[in-house]
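Values quoted throughout were computed directly from the atomic coordinates according to the rules given, and no laboratory measurement underlies them. If you're wondering where the values come from, they're calculated on a predicted model, not measured in any experiment. Because the Cβ atoms are built from the backbone with ideal geometry, glycine has one as well, and the counts that use them run over all protein chains shown.
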Amino acid sequence: MEIKVELTKHPKQKPDMNHLGFGNYYTDHMFEMDYTEGIGWHDARIVPYHSLEMDPASMVLHYGQSTFEGLKAYRGQDGTIRLFRPEKNMERLNISNQRLVIPQFDAEFGVEAIKKLVSIDRDWIPEGEGTSLYIRPFIIATDVHVGVHPSKTYKFMIILSPVGSYYKEGINPVRIYVEDEYCRAVRGGMGFTKTAGNYAASLIAQETAEERGYTQVLWLDGVSKTYVEEVGTMNIMFVIDGEVITPELNGSILSGITRRSALELLKDKGYKVTERKISIQEVFDAAKAGRLNEVFGTGTAAVISPVGELMWEGETVIINNGQIGPISHLVYDTITGIQSGKLKDPYGWVTVID
Ligand SMILES: *Cc1c(COP(=O)(O)O)cnc(C)c1O
């Protein structure tokens, strides 16, 4: 499919690239493509960034039939623009679509759309250490109909946002609250997808954790509240006696691309890496026995987020004296090094935009 391009006649004023924060600014253009039953995906186009006019009865507004992705474009010191495993994001978007009964699209075409849009808005990619252009592909159900059934029409969009460095003053470990009342997702539900409703379900616990002085929530399995699942927007890894352990993918955990990359590179570097069920009791027992060396979250936003403290049912454990540990450091340096072009890319993870 051809992507038509209509360039803006009114370029926006660019923000101060030294004070971007996250998700505050959007670029000059966006990608759009429509789906109509019987026709398929059609009218792929890059157009000036614009507001949407929607009928109030549009199905996505009522029943949440929507999916999304999140990835970044990085500008290296060599000026080259790189994407990190974008094909994995497009494949995952189709996995989410399947669960939400949204039609499949051509994942390779999705990567082409991202590359073309980023190339057109390349002047928006910030240059500072740790900064990037956040890419948000998403799909919404657009039938005008209040009634619960899958929509027959959809809109696929991609928008871009220049974002600042996640870590302004070095990587400081976060304090995490182990949620023992609410759950985010259950097996058979939508936990393995990126869909709006999962995040709506998480807000109340996040708010409570923040009130108590914690940065993030660690979710336990929704049935027995025994096994560790993941952090709100990150997967989680534990280092116990030098072995890297992460919860196995079970249907309620999101299959993170940073998670997969961390596991692949740690295995490659000779670490013992295990995907299995791990109970929160085991984590606390290991911490109390002095065997819990490191805990860290993995996700596109921060790459690695070291955990310095865990609180579960009123009990607190401090991890690695609240400092970032060597394995967390290695994963962070390697992945960000490959993304920025400072390190070689032995795994073929990078897609260059020219
Ligand atoms: C996006 C996301 C992650 C991290 O996935 P990456 O592909 O590594 O960015 C982890 N958990 C949830 C719930 C997410 O939405």
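Over 22 Å apart at the Cα level, from the set Lys14/Lys194; Lys4/Lys152; Lys115/Lys267; Lys269/Lys344, are Lys14/Lys194; Lys4/Lys152; Lys115/Lys267.
Here the stretch 232-354 is described by how far its Cα atoms reach on the three principal axes: 53, 32, 25 Å, from widest to narrowest. Taken about its Cα centre, the stretch 1-156 carries a charge dipole of about 300 debye when Lys and Arg each add +1 at the Cβ and Asp and Glu each add -1 at the Cβ. Charged side chains reduced to their Cβ positions (Lys and Arg at +1, Asp and Glu at -1) give the chain a dipole of some 480 debye around its Cα centre. Counting only residues at least eight positions apart within a chain, or on another chain, the lysines with an alpha carbon under 18 Å from that of Lys342 are Lys72. Whole-percent P(r), the stretch 1-90, all Cα pairs, 10 Å bins from 0: 11, 29, 42, 15, 2.
The stretch 220-260 and the stretch 161-184 have Cα centres lying 15 Å from one another.
A straight Cα-to-Cα reach below 24 Å connects Lys288 with the lysines Lys225, Lys272, Lys277, residues fewer than 8 places away in its own chain not being considered.
Once you have a ≥ b ≥ c as the square roots of the Cα gyration tensor eigenvalues for the stretch 61-207, tell me rounded if a/c is under 1.5, and otherwise prolate or oblate according to whether a/b is larger than b/c. Note, shape of the stretch 61-207 comes out oblate. A dipole drawn for the chain from +1 and -1 charges on Cβ atoms has a positive end, and of Asn97, Val273, Gly70 the residue lying farthest that way is Val273. The fewest-to-most ranking of Met17, Met237 by surrounding Cβ atoms within 10 Å reads Met17, Met237.
Would you kindly work out the equivalent ellipsoid of the chain from its C-alpha gyration tensor and give its semi-axes, the square roots of five times the eigenvalues, largest first in whole Å? Can you show the working numbers first?
Details: eigenvalues 237, 128, 65 Å².
Computed over the chain, the values are 34, 25, 18 Å.
How much of the pair distance distribution for the stretch 32-137 lies past 25 Å, counting alpha-carbon pairs only, in percent? Percentage above 25 Å: 29.
Note on the stretch 150-198: along the principal axes its Cα atoms extend 48, 36, 13 Å, ordered by decreasing extent.
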